[in-house]
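Take a look at the structure below.
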Amino acid sequence: MRSRASPLEAKFALLWRALRGPVLAREHRFAPPRRWRFDFAHLPSRVAVEIEGGVWRRGRHVRPKGFIADCEKYSAAALAGWTVVRLTARDINTRKVEEIIAAMNGREHE
């Protein structure tokens with residue numbers, strides 16, 4: 001597990017706490033024995049949040065090998081019943097985070 005959050009993950013976590021979002025697991029491993037982890041996961045609703053950095057710098061998530069690996073991971077998550085919300089830097093804002101919180105809270109009561 002990474003010892004420090006990326007700047008985008010830290011920004012998301014700070015906004016999440018400020019908006020009083022439900023408790024999230026960090027670096028949740030969802031498909032043992034695979035080493036896949038979600039950046040943030042709300043276990044009761046099975047909603048995960050992935051922070052996708054490096055979009056404009058040709059980071060890991062947008063290079064072919066990384067993109068293919070992400071497709072495999074997100075497909076496995078969907079087949080296991082997870083909803084994965086992927087956020088870029090511009091998505092880490094009050095409106096988007098409030099939408100995610102509302103979705104998680106709605107699923108808890110189903």
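Looking only at residues that are modelled with pLDDT of 95 or more and buried (at least 16 other Cβ atoms within 10 Å of the Cβ) in segment 86-95, which one is nearest to the chain's Cα centre (by Cα)? Restricting to residues being modelled with pLDDT of 95 or more and buried (at least 16 other Cβ atoms within 10 Å of the Cβ), the top hit is Leu87. Candidates in segment 55-66 are the residues that are part of a helix (DSSP H, G or I) and exposed (fewer than 12 other Cβ atoms within 10 Å of the Cβ); of these, the one that is modelled with the lowest pLDDT is Pro64. Just one of the numbered conditions (1) over 16 Å from Ala10 (Cβ atoms); (2) modelled with pLDDT under 95; (3) among the polar types (S, T, N, Q) is not true of Ser75: (2).
For His109, the conditions (1) exposed (fewer than 13 other Cβ atoms within 10 Å of the Cβ); (2) at pLDDT 90 or above are fulfilled apart from (2). Look through segment 69-85, keep the residues that are among the hydrophobic types (A, V, I, L, M, F, W, C) and outside any strand (DSSP E or B), and return whichever of them is surrounded by the most Cβ atoms within 10 Å (Cβ to Cβ). By that ranking, first place goes to Ala77. Sort out which residues of segment 21-49 are part of a loop (DSSP other than H, G, I, E, B), free of Cβ contacts under 8 Å to residues at least 60 places away in the same chain and out of contact with any His (no Cβ under 9 Å at 6 or more places or on another chain), and write them in order of number. The answer is Phe30, Ala31, Pro32, Pro33, Arg34, Arg35, Trp36.
The values are calculated or read from the model by the stated rules, or taken from the named source; none is laboratory data. Source: prediction; values computed, not measured. All Cβ positions, even for glycine, are placed from backbone atoms using ideal geometry, and neighbour counts span all protein chains on display.
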